[in-house]
Each structure stands twice: as C-alpha cells, then as structure tokens.
C-alpha cells in the first residue's frame, strides 16, 4: 500500500449540546481537537420523536394531496 494515501486517524473530544463529552477516533482536525455539536441525538426531532409539521410552500402539498387523493395503494 502507498504511504500517505489515507488520512491520519486520531483521538478527538466530542461535546454534546447538553455539555457532556466523550472521546472518539476521527479523521477530523488533529490529535486532541474538540468537536462541538449543534445537533445531536438528544435534541434532534428525528431521534426524540418530536412533532414535525410539513410546510406548504406555494401550495405544493395541497396540490399533491388533491392530485393523489384517490390512490389507495392496495388498501381495502
């Protein structure tokens, strides 16, 4: 294998949004750098089950719903 073809893999510190931190291996930055997360599994709605609403911009959602309202996809 050729030398210097792969990035350096080293330990960094990851800080979650609530202030907790952990050490992990990464190719980001250099040895001992800190990665501060803006979004993590403790706060993001995809992981917390938060309610998410669809925004209807320009009537696209209502046009989609009216166009495909009659399709039942095999439901009886």
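The values are calculated or read from the model by the stated rules, or taken from the named source; none is laboratory data. Values in this document were obtained by computation on a predicted structure and should not be read as measured data. Positions of Cβ are backbone-derived with ideal geometry, glycine not excepted, and every protein chain shown enters the neighbour counts.
When residues of region 13-22 are filtered for being in contact with a strand residue (DSSP E or B) (Cβ under 9 Å, 6 or more places away or on another chain) and loosely packed, with under 10 Cβ neighbours inside 10 Å, how many remain?
Here the count works out to 1.
Within the set of pairs 6 or more residues apart or between chains, which connect a residue that is on the phi > 0 side of the Ramachandran plot and part of a loop (DSSP other than H, G, I, E, B) inside region 1-14 to a residue that is at pLDDT 85 or above and surrounded by 10 or more Cβ atoms within 10 Å (Cβ to Cβ) with Cβ atoms less than 8 Å apart?
none
What are the pairs, 6+ residues apart or on separate chains, where a residue within region 35-48 that is within 15 Å of residue 21 (Cβ to Cβ) has its Cβ under 6 Å from a residue that is outside any loop (DSSP other than H, G, I, E, B)?
Qualifying pairs under 6 Å: 35/12; 35/14; 36/15; 41/47.
Among all residue pairs at least 6 apart or on different chains, which show Cβ distances below 7 Å where the first residue, located in region 62-76, is surrounded by 10 or more Cβ atoms within 10 Å (Cβ to Cβ) and the second is modelled with pLDDT under 85 and in a loop (DSSP other than H, G, I, E, B)?
Here the result reads 62/56, each pair linking region 62-76 to a residue that is modelled with pLDDT under 85 and in a loop (DSSP other than H, G, I, E, B).
Out of all the residues in region 27-61, which are surrounded by fewer than 10 Cβ atoms within 10 Å (Cβ to Cβ), modelled with pLDDT under 80 and either in a loop (DSSP other than H, G, I, E, B) or more than 25 Å from the chain's Cα centre (by Cα) (or both)?
49, 50, 51, 52, 53, 54, 55, 57, 58, 59, listed by residue number.
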